[in-house]
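Here is the structure we will look at, set down as structure tokens.
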């Protein structure tokens, strides 16, 4: 569940449910003309731990815990609203898990046409 790279943004405002025991993010960043741009999350600072995706060298992924089992590295991460920014394009998937429930969604996205494919509906029978 990820926004396609053609719809990545440079700034996201996203929300988490602080009543869930664990909230984490999966971030994917895209290489630009100067390499990979840092991604900053308002409650944590610069994201680290990036790993290459595939052999092409065009994308990297990072997994970030905002809090796990209600133990955050920063009390600000246990609130509901967060902001992530970068000088380059990136995407975020937000995950919340608990004993008997979970949720996940792609944060934001530049929802616009990214190709010219047209699918014509079949005529009714």
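The values are calculated or read from the model by the stated rules, or taken from the named source; none is laboratory data. None of the values given here were measured: they were computed from a predicted structure. Reconstructed Cβ throughout: ideal geometry from the backbone, glycine too, with neighbour counts over all protein chains shown.
Below is a table of values for the structure above.
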item: Residue ranges of strands (runs of 3 or more DSSP E) in region 14-71 with at least 2 members over 14 Å from the mean Cα position of the chain (by Cα); result: 59-68
item: Pair list, Cβ < 8 Å and 6+ apart or interchain, from region 48-66 residues that are without any contact (Cβ under 8 Å) to a residue 12 or more places away in the chain to residues that are surrounded by 12 or more Cβ atoms within 10 Å (Cβ to Cβ) and part of a strand (DSSP E or B); result: 51/60; 51/61; 51/62; 52/59; 52/60
item: Yes/no for residue 54 being at pLDDT 95 or above, surrounded by fewer than 13 Cβ atoms within 10 Å (Cβ to Cβ) and farther than 30 Å from residue 18 by Cα; result: no
item: Per-region count, region 4-32, residues under 22 Å from residue 77 (Cβ atoms) and surrounded by 14 or more Cβ atoms within 10 Å (Cβ to Cβ); result: 16
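Residue-by-condition table, conditions (1) surrounded by 15 or more Cβ atoms within 10 Å (Cβ to Cβ); (2) modelled with pLDDT of 95 or more:
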position	(1), (2)
34	no, no
41	yes, yes
65	yes, no
70	no, no
73	no, no
78	yes, no
93	yes, yes
